[in-house]
Each structure stands twice: as C-alpha cells, then as structure tokens.
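The values are calculated or read from the model by the stated rules, or taken from the named source; none is laboratory data. Predicted, not measured: the structure shown is a model, and the values here were computed from it. With ideal geometry, Cβ positions are generated from the backbone for all residues, glycine too; neighbour counts draw on all protein chains shown.
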Amino acid sequence: MGELLAVASALCFGTTHFLSGLVSRHRHGVTVAACAQAGGTAVSLVPPLLTRHANAPPASLGWGALSGLGTGVGVACLYWSMNQGPMSVVVPVSDVTAVGLPVLAGITLLGDRPSPPALTGIALGLPALWLVSRGKPRGARGPRAGHGPGADRPRAAVVLALVAGVGLAVHFFALARIPASAGWSPVVVSRAVSVAVILALFPATGASLRLPRRAAAVAAVAGALGTLATILYLLATRQELLSVAVVLSALYPAVPVLLALTFLRERITRPQAVGLLGAGLAIGLIALN
C-alpha cells in the first residue's frame, strides 16, 4: 500500500509541476510558486476540519516548519535557477540531489534496509530520474531551453539548482519524521511556512505579487495538487521505508514529460525515453520490497 501511495504522490507532484510550468512560461516563476503555495495552504486546512482534532506535539510542528522551509527554498530556487540557465541542466541537478540525500539519510541515519530488488530499483531510479528530467540541449528552441539574460550564467544556475535540491531533500526528510499521532496540523504549518519563505525571497528574485486571474487560478489548482501530493507522501512514509517512498514519489518528472507528450504534442528525446523505461522498471523492482 505504501508503494501505491508514493506513486500517487508522484502523479500529483508531476501534475503540479506541469501546470506551474505552463503558467511560468509567461509569468515570473517565483510569483507562480507563491500563488501555488498559498492555494496549497488553503487546501491543507481541509483535513484538520474533517477529522478529529489531534494535539500535535511541538516537535511535530517543528518538523512541519522545517519541511515548509525546505519547500519554500527549494521551489523558489528551482524556478529562479530556470531564469539563470537551461532546464536541461538545472532540473536534473535539483531532482537527483532532492532524491539522493533523503535516501542516504534513510539508510545511514534511520537504519532503512531495503530488499535487494528494492535497492536495485533505487539505484536504477536515480539515473532514470536524471534522464527523464533532461530536456532539449542547450540552444534548442522551446520552453525547456535556457532563456533570458541569465541563460549565460550556468554556474549560478547550477548552484541555485543544488540549493533547490537540498531544500526539497529537507522537505522529504522532515515530513517523514512526523508521526501519525500528530494529525494534520504539521502539514498546515509546512504550507504556511513555505509561503512565508517564498515571499521573503521576493526582493532578491525581482518577483511581483501580481498575477492575472486565470494564471492565478491555474497556479492555485497546482498548489492544491501539491498539498495532496504532500499528504500522500506523508502517508506513504508511515507504511514504507523512507528510502523507498522518496524515490517513488520523486519520479514525478516523468509525469510532466508524458503530459507534454499527450496534450502539447511535444517530442521526447532518446535519453528521456530511456529514462521513462528505467523509471517504470525501478517502480516494479521497488514494489517487490
């Protein structure tokens, strides 16, 4: 069951990035991220209202806040890095960092002991994630190529992508430390803190609070799906090893690729096709855990 929850989380995360990416083609990515996280915060209030109130201990709220800090920094730096360099560079660096660090933490710090097939799937999932995340080569046309005045600063883009990956890794790890007895309050704290962090980064990124209604609505829907993805991932970590749940959840880059292929008629590269096959094989092997 934990594997299914993690895969469902990946589907929601991937759809979130697809919708946010569509809006970010014409609007500042950090503005889109702020709107999405605000929408996600509103949705995070629903589970506490529908379920019996649970008194979350301060430690659980602290983990929720740390998760929000990681999310805010990760999302803001990821979108900012896309304004500094090509997506074919920054997205793989961010994704693999976001997955690799929690897996290492789960195995070395939490004592995770995945089965041999699951370990093989984890080892296969990382390069598959890299290949799926790769877009068109630098200089190619289209939304996945580098653009803007920052496209000539790949070093800054890579640094931001690494920071984004660390932030998202903190998010994945912190959520896994929240016990089931804490209820849903830590998720609300996580979403709220992420909004505050992104807003605090506005001056450095040059983002604006203004967003047209239609774009804001799409971003809000993306944020709602992001919150659903977070809840599904949290439930997955309660039934599965962190090193397994995080890899399955983090295979979400395959979803925007498939959605773009279906709805936008985009073509995928050979490395992406190999990565999609590898991701499917990785899911099958991890499911044997």
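Side notes on the structure shown:
- Test: residue in region 164-183 that is on the phi < 0 side of the Ramachandran plot, assigned to a helix (DSSP H, G or I), at pLDDT 85 or above and charged (D, E, K, R): no
- Within region 64-74, the presence of at least one residue that is among the small types (Gly, Ala, Ser) and more than 24 Å from residue 205 (Cβ to Cβ) is confirmed.
- Single residue of region 237-276 satisfying the filter (touching a residue at least 24 places away in the same chain (Cβ under 8 Å) and small (Gly, Ala, Ser)) that is farthest from residue 125 (Cα to Cα): 260
- Hits in region 52-97 (condition: in a helix (DSSP H, G or I), at pLDDT below 85 and not hydroxyl-bearing (Ser, Thr, Tyr)): 76, 78, 80, 82, 87, 89, 90, 91, 92, 93, 95, 96
- Selection within region 191-207 - touching a His at 6+ places or on another chain (Cβ under 8 Å) and either surrounded by fewer than 21 Cβ atoms within 10 Å (Cβ to Cβ) or modelled with pLDDT of 95 or more (or both): 205, 206
- Tally, over region 1-26, of residues that are part of a helix (DSSP H, G or I) and either in contact with a Lys or Arg (Cβ under 6 Å, 6 or more places away or on another chain) or charged (D, E, K, R) (or both): 1
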